[in-house]
Amino acid sequence: MRIHLDRIGDEPFKWQERRQLQPSILERPEVVHLSEIAWQGEIINTGTEHLFQGKLQYEQTLTCQRCLVESPKPVTAEVELLLVSDGEEPTEGELELEAEDLDVHYITDGIVDTDPILLEQLQLNIPMRPLCREACAGLCPQCGVDRNRESCDCEDQRIDPRWSVLRGLREEE
Ligand SMILES: [Zn+2]
Ligand SMILES: [Zn+2]
């Protein structure tokens, strides 16, 4: 949604939208599905600057990087940004808020587009290495069974390479 800041007066401008996005847009193959996203918030005109507050709620299905099982995970996140016009000198109020560690979002022509902000939030909510659960045992690197469901004997059969050389020698005898 594109919102013109000059139309926002003393009352906060509230907006609400529902977005359905293809996971491929995120360029993270671990994300195999995205539910519809409830995305809403408000823009506050303090008189000297504009504050953007948003809240998003959705479900993302991620592939576990250890066992490759896909599992849905609910996400709720909030974002607060200081809107600053691109190419203009920041006002004193903006500089103060920036100093307070408020993240800045640059806008052009006095219009804020909620889509790029949403995309950034979706990216932030993808774990670096998604796991179905912290204790996931993963796949056996040798036979490929899911160690969360089955056990295998590979561990016991693993042979120290030094011994296998000796065994090879013995077999030649
Ligand atoms: Zn897993
Ligand atoms: Zn195995």
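Between residue 73 and residue 4, the contour length at 0.36 nm per residue exceeds the alpha carbon distance by 21.4 nm. Taking Cβ atoms as reference points and 15 Å as the exclusive limit, the residues near residue 21 contribute a net charge of -4, counting Lys and Arg as +1 and Asp and Glu as -1. The calculated pair-distance distribution of the stretch 17-60 uses every alpha carbon pair, bins of 10 angstrom beginning at 0, and gives 25, 37, 24, 13, 1 percent. In units of the rule-of-thumb radius 2.2 N^0.38 Å, the chain shows an alpha carbon radius of gyration of 1.64. Taking every DSSP helix (H) stretch of at least 4 residues in the chain, weighting each as -39,500 (n - 2.57) and dividing the sum by the residue count yields a mean residue ellipticity at 222 nm of -5500 deg cm²/dmol. On a per residue basis, the stretch 2-136 carries 60 Å² of accessible surface, using protein heavy atoms and a 1.4 Å probe. Farthest towards the positive end of the charge dipole of the chain, among the residues 35, 104, 131, is the Cα of 131, using unit charges on the Cβ of Lys, Arg, Asp and Glu. Across the stretch 5-12, computed HN-Hα scalar couplings (Karplus, 6.51 cos²θ - 1.76 cosθ + 1.60, θ = phi - 60°) run 5, 5, 8, 9, x, 6, 7, x Hz from first to last residue, x flagging Gly and Pro.
For the chain, with all protein chains in place and a probe radius of 1.4 Å, 46% of the accessible heavy-atom surface sits on carbon or sulfur.
Which FRET efficiency value, to the nearest 0.05, is calculated for residue 53 and residue 92 with the Förster distance at 22 angstrom and r the Cβ-Cβ distance? Calculated transfer efficiency: 0.50. Here the 3J(HN,Hα) profile of the stretch 113-123, calculated from phi with Karplus coefficients 6.51, -1.76 and 1.60 at θ = phi - 60°, is 9, 6, 5, x, 5, 4, 4, 4, 5, 4, 4 Hz, Gly and Pro shown as x.
Overall, the chain carries a charge dipole of about 1320 debye about its Cα centre when +1 sits on the Cβ of Lys and Arg and -1 on the Cβ of Asp and Glu, all other atoms neutral. The gain in end-to-end length when the residue 120 to residue 103 segment is fully stretched comes to 4.9 nm, 0.36 nm per residue minus the alpha carbon separation. Taking 0.36 nm per residue of sequence separation and removing the Cα-Cα distance, the residue 113/residue 152 pair yields an extension gain of 8.7 nm.
The values are calculated or read from the model by the stated rules, or taken from the named source; none is laboratory data. The structure presented is a predicted model; accordingly, all values stated were derived computationally and were not measured. Glycine also receives a Cβ, built like all others from the backbone with ideal geometry; neighbour counts cover every protein chain displayed. For accessibility, only protein heavy atoms count, side chains too; no ligands or nucleic acids. Shrake-Rupley method; radii C 1.70, N 1.55, O 1.52, S 1.80 Å.
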